[in-house]
Structure formats: structure tokens, C-alpha cells
Amino acid sequence: MPIGFIGGTGLSQLPGVELEGEIVPTRFGEVAVQRGRWAGQEIVFLPRHGSDERLAAHQINYQANITALKSLECSPVIAINAVGAIREDIEPGHLALPNQFLDFTRSRPQTLFDQPGSEVVYIDVTEPYSPRLRRLIAEQAWELGLVVHQDVVYVCTEGPRFETPAEIRMFATLGGDVVGMTGVPEVVLACEAQIAYASLCVATNYAAGISSQPLTAEEVHELMDQCRPDLLRLLEAVVAQVDPSAPV
Ligand code: HPA
């Protein structure tokens, strides 16, 4: 089974990995993926903002993306998400592995079971992110000497704007640790599709009001540019550790 990657802001290509484009039809629409081999394993790479990063978070077809990865039998799936840090000890450049999320999205289809007459499914999201996959990523990050915060709470906003400082204070009060725009409903749909899924977050900035500077998309991209080599080393190390005969 191929290992799936969902690339986020600043990671819409996998430099150095030879991949071939493929269009995957799904009942939610077509999905452009890239397939190839990395560290001896079959992989599928799906840049969620498109390979030219033209899709904003609220425009992404999350249903199609997860359905495409499921139809390619990807397991596990590692999603990469740029986030703002709500907690001060999560510094720009640090990694974070959420174990819970808070959903503040507003207008996104939240289920794969949405057809008239579909079975009624109440999915359990007690443990939305695969504990084994999170552990594997954390161990490889430690091996590489990278700072990785575990068991963080990911707050997902609708975007495409950044948050107000008042919203960030509210999220902090509610227990949020990092904030982004793309984690939900992706993780929920992965749960519905019964895909072992984890989100590897890269803190690209302090969230609004935590840093005294106004936030810019350039800042997010610059930090991702700096982090990309370490991130790629980590992903490659994780790929090498996944046993395809005993998927995570
Ligand atoms: N807020 C929301 N999404 C983000 C941020 C942020 O501060 N940084 C990167 N993605």
C-alpha cells in the first residue's frame, strides 16, 4: 500500500523525489496526485492547495482528496499543515503533532456519507489522529534532533483571513495550542474513510496578537522555506520506517 502525503502551504512539491502526475476521478471531482517511490516505498503525494498553491483553504475539495487517497489504498496518510502558534513555547520552526482538534470552520462539507439514502454514520473521533503514526513521526523527529510538540490541540478556522487577537485569546482559553485553516474536515473525512492519518504541523509564526507584528502570508512562506530541508529529512526517515506489510 502506498504511503500518502498531503502537502500544505510551502510544501506543494516534493523536491528530489521522482514523481509522475496522475488524475484520480472520484464522485466529488478529479484530484491531481503525484506517484513514485521514496526511500524504497511507494508513495502518493497530494498538494492540497494545488501544485501552484492557487487554492485557498476554504476552496479545497477535501471530500475528493480523501476519496482519491482511499481509492489508491494509501495507508498511512501524513498531512503537513502550516500553523500559527497560540502557545508561546511552540516557537516558529518547531513541529507539532495534534491529538485533538477544535473545529471553527463554517461552510465545508463534513462527511463522505452525504448522498440521499446514504447510510447514517456517526463517526467516532475520540482519537482522530493515529496514535501509532504520531509516535513514529515523533520518534524520527527526536532522532533528527528536531523540536516536536506532542498532544497539541489544533484549532481550525475557516479563513482565508488570519484571526483577530481576540479570537486567538478565545482559542487559548478553550485549550487551543496551534491554529490553521486546513486540518478540518480533512482529518474527519480520513476517519470516515478509515485511513490511519496524522497531521504534522509546522509552526510558521506566532498567532495574531501573540507576536507584536501583523501577520503576512510571506512570513508563513519564508518560514516554510527555512524548515523545508528538515521537514523533508523527517518525512523520508518516517517513510523508511513504515513497514508496508504491517501498515500503521
Ligand atoms: N493562522 C491560521 N492559519 C495559519 C497561520 C495562522 O496564524 N499560520 C499558518 N497558517
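The values are calculated or read from the model by the stated rules, or taken from the named source; none is laboratory data. Since this is a predicted model, take the numbers as computed values, not measurements. Cβ coordinates were reconstructed from backbone atoms using ideal geometry, including for glycine residues, and neighbour counts include every protein chain displayed. To get the accessible areas, we keep the full protein, side chains included, count just its heavy atoms, and leave off ligands, DNA and RNA. Shrake-Rupley method; radii C 1.70, N 1.55, O 1.52, S 1.80 Å.
Here are the numbers for this structure:
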read-out	value
Residue within region 106-118 that is within 16 Å of the ligand (Cβ to nearest atom), in contact (Cβ under 8 Å) with a residue 40 or more places away in the chain, surrounded by fewer than 17 Cβ atoms within 10 Å (Cβ to Cβ) and of a type outside the set (S, T, N, Q) present	yes
Selection within region 26-46 - assigned to a strand (DSSP E or B) and over 18 Å from residue 8 (Cα atoms)	26, 29, 30, 36, 37, 38, 41, 42
Residues satisfying the stated conditions in region 141-179, i.e. away from the ligand (no atom under 16 Å from the Cβ) and in contact with a strand residue (DSSP E or B) (Cβ under 9 Å, 6 or more places away or on another chain)	141, 142, 146, 147, 148, 150, 151, 175
Residue within region 228-248 that is crowded, with 21+ Cβ neighbours inside 10 Å and within 15 Å of the ligand (Cβ to nearest atom) present	no
Some residue of region 24-42 being open to solvent by less than 10 Å² (accessible area, probe 1.4 Å), within 24 Å of residue 150 (Cα to Cα) and in contact with a strand residue (DSSP E or B) (Cβ under 8 Å, 6 or more places away or on another chain)	no
Considering residues of region 187-221 that are within 21 Å of residue 148 (Cβ to Cβ) and more than 10 Å from the ligand (Cβ to nearest atom) only, the residue most open to solvent (accessible area, probe 1.4 Å)	196
Only one of 67, 26 that is out of contact with any Leu (no Cβ under 8 Å at 6 or more places or on another chain) and modelled with pLDDT of 95 or more	26
Some residue of region 145-156 being exposed (fewer than 12 other Cβ atoms within 10 Å of the Cβ) and under 30 Å from residue 36 (Cβ atoms)	yes
Every pair of residues 6+ apart whose Cβ atoms lie under 7 Å, when the first sits in region 164-186 and is closer than 14 Å to residue 8 by Cα and among the polar types (S, T, N, Q) while the second is within 12 Å of the ligand (Cβ to nearest atom) and open to solvent by less than 20 Å² (accessible area, probe 1.4 Å)	182/8; 182/57; 182/81
The listed residue being open to solvent by 10 Å² or more (accessible area, probe 1.4 Å) and in a loop (DSSP other than H, G, I, E, B), out of 49, 58	49
Residues of region 194-244 satisfying the condition of being in contact with a His (Cβ under 8 Å, 6 or more places away or on another chain) and under 17 Å from residue 76 (Cβ atoms)	none
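Residue-wise test of (1) without any contact (Cβ under 8 Å) to a residue 12 or more places away in the chain; (2) basic (Lys, Arg).
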{"residue": "2", "(1), (2)": "no, no"}
{"residue": "9", "(1), (2)": "no, no"}
{"residue": "19", "(1), (2)": "no, no"}
{"residue": "28", "(1), (2)": "no, no"}
{"residue": "33", "(1), (2)": "no, no"}
{"residue": "50", "(1), (2)": "no, no"}
{"residue": "54", "(1), (2)": "yes, yes"}
{"residue": "70", "(1), (2)": "no, yes"}
